[in-house]
Amino acid sequence: MRLGVLDVGSNTVHLLVVDAHPGARPLPAHSHKADLRLAQLLDPAGAIGPEGVDRLVTVVREAMVAAEDKGVEEVLPFATSAVREASNADAVLARVKDETGVDLRVLTGEEEARLTFLAARRWFGWSAGKLLVLDIGGGSLEIAYGMDEEPDAAASLPLGAGRLTAAWLPTDPPDPADVKALRRHVRAQIARTVGEFSRLGAPDHIVATSKTFKQLARLAGAARSADGLYVQRELKRKSLEDWVPQLAAMTTQERSELPGVSEGRAGQLLAGALVAEGAMDLFGVETLEICPWALREGVILRKLDHLPAS
């Protein structure tokens, strides 16, 4: 069957269309994406402003038209931290449903972590043993650990690259004092969580998902996206530590000219790099393995698990 997953994230609204059935890997058929930056459209009271809601309704409607054009049989719509934490979330969700017919499911941070973990587990397989999975989104950092398909521990921290950029790095290029303050903040947040995971024992593989980690790995010499899903990619902490001061000295425009860095995400790449650096250091990770599957694939896989075998 042809499924669509509609991901209303802090950075983008992304429709992923796949051909899938129980027992088989989902095969990507189409991708429709719109930059939205919901996390940066919050007003001082924490509400998504009128402009942001109007734009959200428009891009959701466009995504549903794209899904229909591609023959999607069912769309799985969900929203993450930007909508979840908005003070007017209920009103936003109601308007989206009224004007587009789409009933967005708002995932909790722990659900995000668990579904992302499921995707990583399916990608790497049972032989990978105990996995520690890290995912940096626009609004939050997800961490999950476990031996099975359901993690033994899962956490979500308010350390998304977009959120941190808006709150801590107001100038371009960033002020060195702001970068230093953000690094302290990130490390303090992650440090409070490390103990919960360390008690469970050392992982056999440490895995990273999300666009931020993929872009950082590309900077450090990993293969291009065009080389395909099945090329092994990794990110070494030493390479990341070498890149952080370089990113901190660059403007957004200069970062956008780096290999693998999209113009839309260049502004928040430094904040993402600081989160990645802090997580790798505090968890004692020398090398991360990059997983091409993440939250969207986890949502699809969970859906397939509940379908009868053909």
Going through the stretch 111-136 in order, the residues found to be assigned by TED's automatic domain parsing to the domain that holds Lys214, surrounded by fewer than 24 Cβ atoms within 10 Å (Cβ to Cβ) and under 22 Å from Glu196 (Cα atoms) are Ala128, Gly129, Lys130, Leu131
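One residue is enough: does the stretch 257-264 have a residue meeting the conditions in the same structural domain as Arg187 (by TED's automatic domain parsing), under 19 Å from the mean Cα position of the chain (by Cα) and modelled with pLDDT of 95 or more? Reasoning before the result, please.
Step one: filter the stretch 257-264 for residues in the same structural domain as Arg187 (by TED's automatic domain parsing), giving 257-264.
With under 19 Å from the mean Cα position of the chain (by Cα) added as a condition, the list becomes 260-264.
Checking the rest, the ones that are also modelled with pLDDT of 95 or more come to none.
Checking the stretch 257-264: not a single residue is in the same structural domain as Arg187 (by TED's automatic domain parsing), under 19 Å from the mean Cα position of the chain (by Cα) and modelled with pLDDT of 95 or more.
Hey, any hits in the stretch 162-178 for a residue that's assigned to a loop (DSSP other than H, G, I, E, B) and either touching a strand residue (DSSP E or B) at 6+ places or on another chain (Cβ under 6 Å) or assigned by TED's automatic domain parsing to the domain that holds Leu36 (or both)? So that I can check it myself, show each step before the final result.
The first filter runs over the stretch 162-178 and keeps only residues assigned to a loop (DSSP other than H, G, I, E, B), leaving 169-175.
From what is left, the residues that are either touching a strand residue (DSSP E or B) at 6+ places or on another chain (Cβ under 6 Å) or assigned by TED's automatic domain parsing to the domain that holds Leu36 (or both) are none.
For the stretch 162-178, residues assigned to a loop (DSSP other than H, G, I, E, B) and either touching a strand residue (DSSP E or B) at 6+ places or on another chain (Cβ under 6 Å) or assigned by TED's automatic domain parsing to the domain that holds Leu36 (or both): absent.
Mind counting the residues in the stretch 89-141 that are part of a helix (DSSP H, G or I), in contact with a Gly (Cβ under 6 Å, 6 or more places away or on another chain) and closer than 19 Å to Ile190 by Cβ?
Initial filter on the stretch 89-141 (part of a helix (DSSP H, G or I)): 89-100, 109-124, 126-128.
Filter once more, keeping what is in contact with a Gly (Cβ under 6 Å, 6 or more places away or on another chain): 115-116, 118-119.
Going one step further and asking which of them are closer than 19 Å to Ile190 by Cβ, we end up with 116.
The number of residues fulfilling the criteria is 1.
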Expected output for the stretch 112-125 (first residue modelled with pLDDT of 95 or more and hydroxyl-bearing (Ser, Thr, Tyr), partner outside any helix (DSSP H, G or I) and surrounded by 24 or more Cβ atoms within 10 Å (Cβ to Cβ), Cβ below 8 Å, 6+ apart or cross-chain) is Thr116/Val133; Thr116/Asp135; Thr116/Glu142; Thr116/Ala144; Thr116/Thr209; Thr116/Ala294
Checked Val299, Val231 against criteria (surrounded by 17 or more Cβ atoms within 10 Å (Cβ to Cβ), under 30 Å from Met1 (Cα atoms) and not basic (Lys, Arg)); the one match is Val299
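Limited to the stretch 179-203, what total is found for residues that are over 22 Å from Ser156 (Cβ atoms) and either in contact with a helix residue (DSSP H, G or I) (Cβ under 6 Å, 6 or more places away or on another chain) or outside the structural domain of Glu289 (by TED's automatic domain parsing) (or both)?
At the first step, the residues of the stretch 179-203 found to be over 22 Å from Ser156 (Cβ atoms) are 179-181, 202.
Filter once more, keeping what is either in contact with a helix residue (DSSP H, G or I) (Cβ under 6 Å, 6 or more places away or on another chain) or outside the structural domain of Glu289 (by TED's automatic domain parsing) (or both): 179.
Result for the stretch 179-203: 1.
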### Query
Within the stretch 204-222, is even one residue surrounded by fewer than 15 Cβ atoms within 10 Å (Cβ to Cβ), in contact (Cβ under 8 Å) with a residue 60 or more places away in the chain and in contact with a helix residue (DSSP H, G or I) (Cβ under 7 Å, 6 or more places away or on another chain)?
yes
Residue count, the stretch 266-296, condition of a type in the set (D, E, K, R) and crowded, with 22+ Cβ neighbours inside 10 Å, comes to 1
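The values are calculated or read from the model by the stated rules, or taken from the named source; none is laboratory data. As the structure is a computational prediction, the values presented were derived from the model and not from experiment. Virtual Cβ from ideal backbone geometry, glycine too; neighbours counted across all protein chains shown.
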